[in-house]
Amino acid sequence: MDVLEAIAARRSVRKYKKGAAVPKEDIEKMLDAAMRAPSAVNSRPWEFYCSDKEEVKSALMAVHPSCRMLETASWVIAVCARPDLQPGRGFWQQDCGAAIENILLAAKNLGYGTCWCGCYPAQPRADEVQKVLACASVPIALIAVGVPDEEPSAKGFYDSERVHFI
Ligand SMILES: Cc1cc2nc3c(=O)[nH]c(=O)nc-3n(C[C@H](O)[C@H](O)[C@H](O)COP(=O)(O)O)c2cc1C
């Protein structure tokens, strides 16, 4: 699957085959893709908390209002920002967004489904997620990862009215 195929085929998946094996090595491939994302002054202002434990996924579901799909997902990857690694600049949200998208596309390429569940700047969920993870970094998103048990059809949203060739 080339990158344009992965982009075209990716959809948010909210139902997974519960208990399906997703090897840690595949999660590491997704994280490698994440850490290859561009970032302002190459500061790479991120860190990742990953878990396949039911108690961790349940605790996150309890504080995040729209990540119920973690109930069937095999893993959760929390992408957290480290603004301290980018002093004086405010690009860390964009940098983490690029890392998140790389995870979604790498997962698609590996045959998995994902769903991006936003945290920061929504409050109180970002603070609550931070407490569950016991981290000092800023939770930007939880990503559900699993073997899809639904197949949302691919669709494009190309809108020529939003495009301006100058
Ligand atoms: C910043 C951001 C936050 C999102 N938060 C959630 C969320 O909390 N729960 C959820 O189910 N989907 C969430 N989504 C997924 C969007 O609903 C989804 O990407 C959008 O409806 C388009 O559908 P698609 O991903 O299938 O193309 C989020 C997406 C983004 C980019």
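So, in segment 125-150, exactly how many residues are free of Cβ contacts under 8 Å to residues at least 60 places away in the same chain and either loosely packed, with under 12 Cβ neighbours inside 10 Å or not in a helix (DSSP H, G or I) (or both)?
Taking segment 125-150 first, the residues free of Cβ contacts under 8 Å to residues at least 60 places away in the same chain are 126-127, 130, 134, 136, 138.
Those still in the list that are either loosely packed, with under 12 Cβ neighbours inside 10 Å or not in a helix (DSSP H, G or I) (or both) too: 134, 136, 138.
Result for segment 125-150: 3.
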message = Among the listed residues Val76, Val41, identify the single one that is hydrophobic (A, V, I, L, M, F, W, C) and either under 17 Å from the mean Cα position of the chain (by Cα) or closer than 18 Å to Ala134 by Cβ (or both).
response = Val76
message = So, restricting to helices (runs of 4 or more DSSP H) that lie completely within segment 1-120, which ones have at least 2 residues that are more than 13 Å from Val145 (Cβ to Cβ), among the small types (Gly, Ala, Ser) and away from the ligand (no atom under 13 Å from the Cβ)?
response = 54-63
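FYI, it's all coordinate maths here, none of it is from the lab. This one's a predicted model, so the numbers in the text were calculated from it and none came from an experiment. Cβ sites come from the backbone with ideal geometry, for glycine too, and all protein chains shown count toward neighbours.
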